[in-house]
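Each remark here refers to the structure printed beneath this line.
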Amino acid sequence: MSSLTPTRRKHRGNGRLVVVVVIILALLGAGGWYYLTKVRTTSTATPQASCSHSPGATTQTLSFPLPSQITVNVYNATNRSGLARATSGLLVARGFHPGAVANDPLNQTIAGTAQVRYGTAVVAARAAMVVAAQVPGAVLVRQTRTGTTVDLVIGNAFSVLATPAHAAAVLAAERHVHATASASARPSGC
């Protein structure tokens, strides 16, 4: 019988390992869920849907301002001369209203393609999403300023603007995500 004792202990240790692995996976799953539902929504500053009191309404459509309703400051955070002016010209050709064109006033180094900085207003957040759709990989950065002007800060990885068709597809995907989230996560009392 003593020859079976080490085998039982080894087997019992494997059971503990399985329990620890299951607990770790559960915690990772809960963390992932939290990130997708709380952190990701907050960091992208997607405006929250409000209750719809229309009879039979099931979702709210996320509306974006037209490019002609958006003033875009274009700032260069690279050492490539003239990049902000050229990019501003391309945005104006797409219908955006031109704002300031200069080097990044915050003097930041941006390794990615771009940052899109915007203020606290819901209109500014939606305008920022329209501008971010123009630059693949752009990161939205909410600031504590007022106003609806959006800053496009070009980073070192920037090469070209997205095609207008790609930008439209990105905004359509945002509308779909918003509609799906609105339908499945209505506040109580709606």
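The values are calculated or read from the model by the stated rules, or taken from the named source; none is laboratory data. Bear in mind that the values here come from a model prediction, so they are computed numbers and not experimental data. All Cβ positions, even for glycine, are placed from backbone atoms using ideal geometry, and neighbour counts span all protein chains on display.
Can you name the condition, by its number, that Leu171 falls short on among (1) touching a helix residue (DSSP H, G or I) at 6+ places or on another chain (Cβ under 7 Å); (2) modelled with pLDDT of 95 or more; (3) surrounded by fewer than 20 Cβ atoms within 10 Å (Cβ to Cβ)?
Of the numbered conditions (1) touching a helix residue (DSSP H, G or I) at 6+ places or on another chain (Cβ under 7 Å); (2) modelled with pLDDT of 95 or more; (3) surrounded by fewer than 20 Cβ atoms within 10 Å (Cβ to Cβ), the odd one out for Leu171 is (2).
Within the bounds of region 148-168, is there any residue that is of a type in the set (Val, Ile, Thr), at pLDDT below 95 and touching a Lys or Arg at 6+ places or on another chain (Cβ under 8 Å)?
No, there is no match, as no residue in region 148-168 is of a type in the set (Val, Ile, Thr), at pLDDT below 95 and touching a Lys or Arg at 6+ places or on another chain (Cβ under 8 Å).
Within region 70-105, which residues are touching a residue at least 24 places away in the same chain (Cβ under 8 Å) and more than 21 Å from Thr163 (Cα to Cα)?
Ala77, Thr78, Gly99, Ala100, Val101, Ala102, Asn103, Asp104, Pro105
Within region 134-158, restricting attention to residues that are of a type in the set (D, E, K, R) and surrounded by fewer than 18 Cβ atoms within 10 Å (Cβ to Cβ), which residue is nearest to the chain's Cα centre (by Cα)?
That would be Arg142.
Thr87 passes all but one of (1) within 19 Å of the chain's Cα centre (by Cα); (2) in a helix (DSSP H, G or I); which number fails?
For Thr87, the exception is condition (1).
Which one of the conditions (1) exposed (fewer than 15 other Cβ atoms within 10 Å of the Cβ); (2) under 26 Å from Thr148 (Cβ atoms); (3) at pLDDT 75 or above does Cys51 fail to meet, given that it meets all the rest?
Single failed check for Cys51: (3).
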